[in-house]
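> Just passing along the structure, written as structure tokens.
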Amino acid sequence: MLPETLTHSKISFNLLEDTTVVTEQLSIKPLKIVNPKPIKNTAICMLTNYGGGYIEGDAVTLEVSCATNTTSIISSQANTRVYESNGIVCKQEINVKIAANAFHVFLNDPLVMHKGGNLLQSNIINLQKGAVLLFIDWFSAGRTANGEVFKFECFDSSTKIKIDSEIAIWDNFKISPKEIDLLSPGAFGKHISFLNLFLVGDQENEKIVLLETCLDQLEITHKDQIAYNISRTNVHTIVGRFSATNISVLKEVVTAISTILSHKSLLGFDLVDRKY
């Protein structure tokens, strides 16, 4: 009998002595997963893409498992690009399971929607009690440095995060440039890059307390180019919304967050500093 066709990429993080390591890694095209050596007991996986981005009909499903007491981060080697698709929808689905007392960070580079791009994105994350998640998802309205702004077909994203099967947040974000003038003052105006931050876990957890305190004290430069709000929406969840007239402004925000994560009780190293 022929083996069943594999359709899902997979990453499994487990604890080996005191260090989190990747014990399962499977890349299904067009997704490619790179697994650098763990740093400060933290396992790292970097996502990249064969061909540099998604084209018409590409579909990616990634399943992530974080075992009890693990510390892990998933990031990307560069921007994720969605190219012209002739109306055909590309799909990206990420499913994450985080066991008790695990700490997981998802911090990719921005998703860039090229002219004619069409993407349906779904993030589904389940945490057990005691787990902590920092999830950052950001987006650019095109190759803005070249004047390409909101020229894509559609970007439709849904993020659902649960704790012990109870919904902590369900966030939907859809942009269809042909249906509305997104550069009007009633829409996004001059803002062309957006970042969503979700911090989820027990509000008395040491990591949550530290991250919440640091986020409250986040220093933002170029305040005339950015609009943002960070607030606790319920006992389990802190939500940050950022939008800016220039993607470099949001890169400063991400750099500041990465510096926070270098604290010894979190990741113990600065991801952005390591990458660049």
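> Going through the stretch 225-276 one residue at a time, which ones are part of a loop (DSSP other than H, G, I, E, B), in contact with a Ser or Thr (Cβ under 9 Å, 6 or more places away or on another chain) and in contact (Cβ under 8 Å) with a residue 40 or more places away in the chain?
Selection gives 245, 246, 266, 267, 268, 269.
Let's see how each residue does on (1) over 28 Å from residue 44 (Cα atoms); (2) in a strand (DSSP E or B); (3) touching a Ser or Thr at 6+ places or on another chain (Cβ under 7 Å); (4) among the charged types (D, E, K, R):
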{"site": "101", "(1), (2), (3), (4)": "no, no, yes, no"}
{"site": "105", "(1), (2), (3), (4)": "no, yes, no, no"}
{"site": "115", "(1), (2), (3), (4)": "yes, no, no, yes"}
{"site": "161", "(1), (2), (3), (4)": "no, yes, no, no"}
{"site": "169", "(1), (2), (3), (4)": "no, yes, yes, no"}
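> Does the stretch 219-229 contain at least one residue that is closer than 15 Å to residue 132 by Cβ and surrounded by 13 or more Cβ atoms within 10 Å (Cβ to Cβ)?
Filtering the stretch 219-229 down to residues closer than 15 Å to residue 132 by Cβ leaves none.
No, the stretch 219-229 contains no residue that is closer than 15 Å to residue 132 by Cβ and surrounded by 13 or more Cβ atoms within 10 Å (Cβ to Cβ).
> Go over the candidates 188, 155 one by one and state the one that is modelled with pLDDT of 90 or more and closer than 30 Å to residue 222 by Cβ. Steps first, answer last, please.
Working: 188 fails: modelled with pLDDT of 90 or more.
None of the others qualify; the one that does is 155.
> What pairs can you find where one residue is in the stretch 83-96 and of a type in the set (S, T, N, Q), the other is in a loop (DSSP other than H, G, I, E, B), and their Cβ atoms are less than 8 Å apart, with a gap of 6+ or different chains?
Here the result reads 85/55; 85/56; 85/57; 85/116; 85/117; 85/153; 86/56; 86/116, each pair linking the stretch 83-96 to a residue that is in a loop (DSSP other than H, G, I, E, B).
> Give the number of residues within the stretch 171-186 that are under 22 Å from residue 92 (Cβ atoms), aliphatic (A, V, I, L, M) and assigned to a loop (DSSP other than H, G, I, E, B).
So the answer is 1.
> Answer with yes or no whether residue 155 is in contact (Cβ under 8 Å) with a residue 40 or more places away in the chain and either assigned to a loop (DSSP other than H, G, I, E, B) or touching a Ser or Thr at 6+ places or on another chain (Cβ under 7 Å) (or both). Full working, then the answer.
Values: in contact (Cβ under 8 Å) with a residue 40 or more places away in the chain: yes; either assigned to a loop (DSSP other than H, G, I, E, B) or touching a Ser or Thr at 6+ places or on another chain (Cβ under 7 Å) (or both): no.
It is false that residue 155 is in contact (Cβ under 8 Å) with a residue 40 or more places away in the chain and either assigned to a loop (DSSP other than H, G, I, E, B) or touching a Ser or Thr at 6+ places or on another chain (Cβ under 7 Å) (or both).
> Right, something else. Within the group 123, 95, which residue is under 20 Å from residue 61 (Cβ atoms), modelled with pLDDT of 95 or more, polar (S, T, N, Q) and surrounded by fewer than 18 Cβ atoms within 10 Å (Cβ to Cβ)? If you could, list the steps in order and put the result at the bottom.
Numbers: 123 fails: surrounded by fewer than 18 Cβ atoms within 10 Å (Cβ to Cβ).
Result: 95 is the single residue among 123, 95 that is under 20 Å from residue 61 (Cβ atoms), modelled with pLDDT of 95 or more, polar (S, T, N, Q) and surrounded by fewer than 18 Cβ atoms within 10 Å (Cβ to Cβ).
> Considering only the stretch 121-138, how many residues are part of a loop (DSSP other than H, G, I, E, B) and either under 11 Å from the mean Cα position of the chain (by Cα) or not small (Gly, Ala, Ser) (or both)?
Taking the stretch 121-138 as the starting set, the residues that turn out to be part of a loop (DSSP other than H, G, I, E, B) are 128-131.
Now narrow it down to the ones that are either under 11 Å from the mean Cα position of the chain (by Cα) or not small (Gly, Ala, Ser) (or both): 128-129.
Of the residues in the stretch 121-138, 2 are part of a loop (DSSP other than H, G, I, E, B) and either under 11 Å from the mean Cα position of the chain (by Cα) or not small (Gly, Ala, Ser) (or both).
> What number of residues within the stretch 118-152 are of a type outside the set (S, T, N, Q) and touching a Ser or Thr at 6+ places or on another chain (Cβ under 6 Å)? Full working, then the answer.
Keep residues of the stretch 118-152 that are of a type outside the set (S, T, N, Q), which gives 119-120, 124-125, 127, 129-139, 141-143, 145, 147-152.
Next, from what is left, pick out any that are touching a Ser or Thr at 6+ places or on another chain (Cβ under 6 Å): none.
Summing the residues that are of a type outside the set (S, T, N, Q) and touching a Ser or Thr at 6+ places or on another chain (Cβ under 6 Å) in the stretch 118-152 gives 0.
> Of these, 142, 189, which one is outside any helix (DSSP H, G or I), under 25 Å from residue 88 (Cα atoms) and among the small types (Gly, Ala, Ser)?
On the way: 189 fails: under 25 Å from residue 88 (Cα atoms).
Matching residue, one of 142, 189: 142.
> How many residues does the stretch 64-81 hold that are modelled with pLDDT of 95 or more, buried (at least 22 other Cβ atoms within 10 Å of the Cβ) and within 26 Å of residue 54 (Cα to Cα)?
Matching residues across the stretch 64-81 total 3.
> While we're looking at this one, here's another question. Being over 28 Å from residue 201 (Cβ atoms) and either in contact with a Lys or Arg (Cβ under 6 Å, 6 or more places away or on another chain) or among the polar types (S, T, N, Q) (or both) is the filter here, so list the residues in the stretch 121-169 that pass it.
140, 142, 144, 146, 148, 151
> Among the residues of the stretch 29-63, count how many are part of a strand (DSSP E or B), buried (at least 17 other Cβ atoms within 10 Å of the Cβ) and of a type in the set (A, V, I, L, M).
Residues that pass the stated criteria total 8.
The values are calculated or read from the model by the stated rules, or taken from the named source; none is laboratory data. The model shown is predicted, which means the values in this text are computed figures rather than measured ones. Reconstructed Cβ throughout: ideal geometry from the backbone, glycine too, with neighbour counts over all protein chains shown.
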